[in-house]
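Enquirer: Here it is: the structure, laid out below.
Read-outs throughout are calculated quantities, based only on the coordinates presented, and are distinct from any laboratory measurement. The structure displayed is predicted, hence computed values, not measured ones. Neighbour counts run over all protein chains shown; Cβ positions are idealised from the backbone, glycine included.
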Amino acid sequence: MKRSTRGCGCVLAVLVVLAGAGTFAVFKWGLPWWRARAPKPAGELKIAVLDVGPIEGDSILIIAPGGKTALIDAGDAGKGKVVLDALKRNKVEKLDYFIATHPHPDHIGGADEVLNGIKVGTVIDNGVDKSTPAPSPGPTKKGAKPSPTPPPRRTRAKTITGFFDEYKDALQKSGAQYQKAQVGQKIDLGGGAILTVLAPSEPFFTADQLKAGGNEPNANSIVLRLDYGDFSIVFMGDAEAQTEQRLLSKPDLELKATVIKVAHHGSKYATTHAFLERVKPEAAIISTGGWNRYGHPAQETLDRLKNANMKLFRTDLQGEITITTKGRADSGKFYEIKPGKETTEDIWAGREGFKDDSSRSGFIAYGDFGPPPKPKQSTTKAQRH
Ligand SMILES: [Zn+2]
């Protein structure tokens, strides 16, 4: 009798301990998971890869189901109007986020016009400051007074880093909050749409590490993924193969995505076979212009996309590319990608380069504002080496 009572006590004690541990586990892990999980998709997510040609550039508008908005890049200088027109057309009255992937003019050249033209909540960039250095005072004659007034700011726009000065000035005047992108950072766009920062991770790539091909500001681009229910897209900025390699070296990082916004306008130095194997996208979108000097998109890159059985869309041939999705793979139309116009050109034909798009000789690191000479015949000659 005594023995059985003691047995009962032991069982009870074990049950109390188990219940305690269970309650602890629910509070410690269960509740945070419950709170952090994305809500079920409801409504439509829209992504518009804007046509900011004819040279090249990136500008991508995201409208989340709840109405929050994000703009990734703003095209080249002078392209702000195209972006602002697209915002108007989509009835966007405020940008909750503007994300500048990296300080090159074909990505933030139009940012000042956008920041001056619409209210922006938060601006996120990779923290690399390309401001024009303040001019050092010239040698003064003995006894001569240094000039009390600095040279007018306006003249800085003519420097090679002038586009960055204009971006920074506009950012300061806009009253937007500023954040430096952090890997792993989640940007909640509401309604279940979440942007995650995948790159750049520190330490940033140096120019020396890119000597074999590629370009350092590009390699440190902000790379993002957007998840909405079963749908996902990776926005590669102007990432280089080295950036992709760094992402691949993280085995637990979720890279699989439904769609890829191809890196660096289709450069041959990115979108490696190994990277495509891990992302396994069904469709690829290239933002480029028909009048670029760098051979974007490169035939090699197009061949890699074709071999991976991807559907391809190009802003240089098809104008603005629009993706809509309700985030549910089981619905009749999981997602739809619509080109702005039909093309009779061969979508799988690359462009011929006049300059190498890497940090090797011939590359102009901060963008080349001058348009290339007009091609005599077709602009989509296949590029073969
Ligand atoms: Zn670019």
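Enquirer: Could you line up 310, 236 from fewest to most neighbouring Cβ atoms inside 10 Å?
Expert: 310, 236
Enquirer: Follow-up question, since we're still on this one. Show the residues, 5+ positions off or on another chain, whose built amide H is closer than 5 Å to the amide H of residue 223.
Expert: Those lying under 5 Å, H to H, from residue 223 are 198, 199.
Enquirer: Right, another one. Neighbouring Cβ atoms within 10 Å as the yardstick, rank 46, 130 fewest first.
Expert: Taking fewest neighbouring Cβ atoms as first place, the list is 46, 130.
Enquirer: Suppose R0 equals 30 Å. What FRET efficiency, 1/(1 + (r/R0)^6) with r the Cβ-Cβ distance, do residue 180 and residue 306 give to the nearest 0.05?
Expert: Step by step, r from the Cβ atoms, then E = 0.20.
Enquirer: What is the extension gain from residue 256 to residue 129, computed as 0.36 nm multiplied by their sequence separation minus the C-alpha to C-alpha distance, in nm to one decimal?
Expert: Separation in residues times 0.36 nm, less the Cα-Cα distance, equals 42.6 nm.
Enquirer: Assuming a ≥ b ≥ c are the square roots of the Cα gyration tensor eigenvalues, decide whether the range 274-357 counts as rounded (a/c under 1.5), prolate (otherwise, with a/b larger than b/c) or oblate.
Expert: oblate
Enquirer: With 10 angstrom as the radius, rank 244, 320 by how many other C-beta atoms surround their C-beta, starting from the fewest.
Expert: 320, 244
Enquirer: Could you give the length gained by full extension between residue 119 and residue 24, i.e. 0.36 nm per residue of separation minus their alpha carbon distance, to one decimal place?
Expert: Once the chain is fully extended between residue 119 and residue 24, it gains 29.7 nm.
Enquirer: Quick check on packing: order 286-292, 210-216 by the mean number of other C-beta atoms within 10 Å, highest mean leading.
Expert: 286-292, 210-216
Enquirer: Give a residue-ordered list of calculated ³J(HN,Hα) values for the range 237-249 (Karplus: 6.51 cos²θ - 1.76 cosθ + 1.60, θ = phi - 60°; whole Hz; x for Gly, Pro).
Expert: The phi angles translate into x, 10, 3, 10, 4, 5, 5, 4, 4, 5, 5, 5, 6 Hz.
Enquirer: Would you kindly derive the ³J(HN,Hα) couplings of the range 266-279 from the backbone phi angles with the Karplus curve 6.51 cos²θ - 1.76 cosθ + 1.60 (θ = phi - 60°), listing them in order in whole Hz, with x for Gly and Pro?
Expert: 3J(HN,Hα) across the range 266-279, in whole Hz: x, 4, 6, 7, 9, 6, 6, 4, 4, 5, 4, 4, 7, 6.
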